[in-house]
1. Could you figure out which of (1) over 30 Å from Ser203 (Cβ atoms); (2) free of Cβ contacts under 8 Å to residues at least 40 places away in the same chain; (3) surrounded by 14 or more Cβ atoms within 10 Å (Cβ to Cβ) isn't true of Ile146?
2. Scan segment 156-172 and give yes if some residue there is surrounded by fewer than 16 Cβ atoms within 10 Å (Cβ to Cβ) and either on the phi > 0 side of the Ramachandran plot or modelled with pLDDT under 85 (or both), otherwise no.
3. Any residue in segment 189-203 that is at pLDDT 85 or above and more than 32 Å from the chain's Cα centre (by Cα)?
4. Is segment 14-26 home to any residue that is assigned to a helix (DSSP H, G or I), modelled with pLDDT under 70 and β-branched (Val, Ile, Thr)?
5. With Gly180, Gly156, Gly169 as the choices, which residue is closer than 27 Å to Ser76 by Cα and touching a helix residue (DSSP H, G or I) at 6+ places or on another chain (Cβ under 7 Å)?
6. Do we have any residue at all in segment 191-206 that's closer than 27 Å to Lys65 by Cβ, among the aliphatic types (A, V, I, L, M) and surrounded by 12 or more Cβ atoms within 10 Å (Cβ to Cβ)?
7. Inside segment 41-137, counting only helices (runs of 4 or more DSSP H) that do not spill past its ends, which hold 2 or more residues that are aliphatic (A, V, I, L, M), surrounded by 11 or more Cβ atoms within 10 Å (Cβ to Cβ) and in contact (Cβ under 8 Å) with a residue 60 or more places away in the chain?
Amino acid sequence: MMTNLFSVFDPSTSVFNLSMNWSSTMMGMLIMPMTFWLIPTRMNMIWNTITKTLHNEFKILLGIKGMNGTTFMFISVFSLILFNNFMGLFPYIFTSSSHLAFTLTLSLPLWISFMIYGWINHTQHMFAHLVPQGTPSVLMPFMVCIETISNLIRPGTLAVRLAANMIAGHLLMTLLGGTGTSVSYSILTILIITQIALLMLESAVSIIQSYVFAVLSTLYSSEVN
């Protein structure tokens, strides 16, 4: 029972002892589209430049026969992998992109969809792709076997490449960081400098691996058209 008419305005809303009263103040700004802001932030301008560059590059890789809007799918894959790679660089945060459960979930549906689309709509082209141009008649059966195997292992190579590259750097940083408590101050200084260098290297690897995954997926898509 409400004892006072103005008690509805009391700051009493909380979830897990965290006050939620002032969340409505910023809620509208959080869901407001970026187009309503008069001046975009530097981060927004950098991200727009990155997406435009990737769009133009993926459009060239897909060729004239590529469907409109396909590039945005690969840009989304690039963004997802890049976000997860960078999140793994922070301490005590689970690196999901270093596990095959995550990478195979991305690569396998993409590859299966390319194969289904290619074999249903461009069957003759897919058969012709199994034998490279200029192959002697004697080597044709062997080339068909080699091309088939190389096609079947594509999702596995995409997944393993990303997971292995993310595991390797993180494992090295963990091994070096674990020795910090048992070394002298002079060696500890060298160790800290090495860790900073490795962190910068891992940042570059995070960008490169997400880019490689997206580019290879684009190339596999362009082959079925």
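The values are calculated or read from the model by the stated rules, or taken from the named source; none is laboratory data. Here the structure is a predicted model, which is why all the values come from computation and not from measurement. Quick reminder, even Gly has a Cβ in these numbers, built from the backbone with ideal geometry, and neighbours come from all protein chains shown.
1. (3)
2. So far as segment 156-172 goes, no, none of its residues is surrounded by fewer than 16 Cβ atoms within 10 Å (Cβ to Cβ) and either on the phi > 0 side of the Ramachandran plot or modelled with pLDDT under 85 (or both).
3. Applying the first criterion (at pLDDT 85 or above) to segment 189-203 yields 189-203.
Checking the rest, the ones that are also more than 32 Å from the chain's Cα centre (by Cα) come to 189-190.
Yes, the conditions are met somewhere in segment 189-203.
4. Filtering segment 14-26 down to residues assigned to a helix (DSSP H, G or I) leaves 23-26.
Filter once more, keeping what is modelled with pLDDT under 70: 23-26.
Right, trim to β-branched (Val, Ile, Thr) and you get 25.
Yes - at least one qualifying residue is present in segment 14-26.
5. On the way: Gly180 fails: closer than 27 Å to Ser76 by Cα; Gly156 fails: touching a helix residue (DSSP H, G or I) at 6+ places or on another chain (Cβ under 7 Å).
Gly169 is the lone residue from the list that is closer than 27 Å to Ser76 by Cα and touching a helix residue (DSSP H, G or I) at 6+ places or on another chain (Cβ under 7 Å).
6. First, the residues of segment 191-206 that are closer than 27 Å to Lys65 by Cβ: none.
Scanning segment 191-206 turns up no residue that is closer than 27 Å to Lys65 by Cβ, among the aliphatic types (A, V, I, L, M) and surrounded by 12 or more Cβ atoms within 10 Å (Cβ to Cβ).
7. Details: elements: 42-62, 70-87, 100-121, 123-129.
Here the list reads 42-62, 70-87, 100-121.
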